[in-house]
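Presented below is the structure to which this report refers.
Read-outs throughout are calculated quantities, based only on the coordinates presented, and are distinct from any laboratory measurement. Since the model is a prediction, treat every value here as computed from it, not as a measurement. Here Cβ is always computed from backbone atoms with ideal geometry, including for glycine, and neighbour counts include all displayed protein chains.
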Amino acid sequence: MPSLQAEAMRALHGLFNHSCFAIPRRPLKVALYVYLDESGKFHDGTGFICLCGYMGEDAQLAKFNGRWARLLKDSHLSSLHTTKFPSQSKTLGLDKTEADKLLTKFVDIIRESELFGFAVGVDGKYFKQKLKLAGRPDVDPALFAIHRILREMREACAQVHNHQPRIMLTFDESEDYSITCYKLISRLRKANPEVREMILAITFADDEHFSPLQAADLLANLTNKYWRDSLTEASPKVPELLKRLLTPPAPGKGVAMWHKPEFWNAAEIDAHLAAIVAAKGMPNKL
């Protein structure tokens with residue numbers, strides 16, 4: 001009989017994967033823009049990592065940015081930050097029902113913008129413990145998370161564009177976090193020629209002025225809560241906003257493409273430990 005943990009994992013992947021649909025293949029002629037957010041900025045006290053983001057072309061992002069900016073203006077907000085939104089909504093005089101409706105409008109803009117969504121979660125504390133016992137205390141779970149999400153992007157582009165992607169990476173700017181991110185990706189580029197060819201630029205920006213980073217923040221916060229609950233609960237309740245974010249607005253139209261989101265909890269780490277150790281924390285063939 002399948003374990004409760006296994007059932008929870010299947011439900012988790014089903015939540016993301018049910019929102020996939022076939023996007024027509026087309027040649028990739030320009031660089032893609034990727035906006036990423038890590039909910040704990042790699043220094044969360046529990047060691048949990050949740051790296052999420054969106055990827056899109058100029059036309060997709062222009063459409064998204066325009067709609068997002070209009071909703072911010074109409075809502076009397078300068079920007080959207082998930083952790084600050086409760087206090088922002090109180091300042092605006094919104095009750096909980098009104099605040100939820102407003103946040104749902106932002107979620108719907110993301111759903112309808114045809115951006116590609118990606119997510120990787122890693123139980124960093126457990127990861128480090130297991131790798132240390134396996135004689136590899138140098139393997140960094142943050143580096144592992146970045147490598148895995150880049151792999152997701154490469155595989156998604158291979159399916160949709162039939163081409164190796166060329167991407168411009170943008171992370172939320174924070175002094176310590178930015179330095180950490182740059183060092184991690186620089187290590188990856190030196191160690192892996194495919195990653196070096198794939199990443200054209202690494203930039204850091206203030207999410208106050210970059211709406212795709214605000215969307216990535218929203219995704220990371222919702223996913224982070226759900227995955228954290230999954231560490232301790234067999235079948236945690238899916239937050240309604242996350243469920244909505246991953247649901248197509250209409251069949252075959254406007255939904256983010258989710259490419260095999262990865263949740264590296266204790267069971268997944270144990271199952272692939274040998275491969276992680278052998279590949280120095282960057283397994284290409286999992």
Placing +1 on each Lys and Arg Cβ and -1 on each Asp and Glu Cβ in segment 97-238, then taking the dipole about the Cα centre, the residue among P137, I110, W227 whose Cα reaches farthest towards the positive end is P137
Expressed in angstrom, Rg and Dmax over the Cα atoms of segment 42-171 are 18.7, 56
Residues meeting the amide H criterion for L32 (H placed from the backbone, H to H distance under 5 Å, 5 or more places apart or on another chain) are R166, I167, M168
Segment 79-127, Kirkwood Rh and Cα Rg, ratio Rg/Rh at 1.14
Counting only residues 5 or more apart in sequence or on a different chain, those whose built amide H sits under 5 Å from that of F263 are G121
Toy charge model, Lys and Arg Cβ at +1, Asp and Glu Cβ at -1: segment 48-125 dipole around Cα centroid in debye, rounded to 20, equals 260 debye
Pseudo-spin-label distance D58 to D270, built 7 Å along Cα→Cβ, given in nm, is 5.1 nm
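Give the dimensionless ratio obtained when the Cα radius of gyration of segment 126-203 is divided by 2.2 N^0.38 Å.
With N residues counted in segment 126-203, Rg over 2.2 N^0.38 Å equals 1.22.
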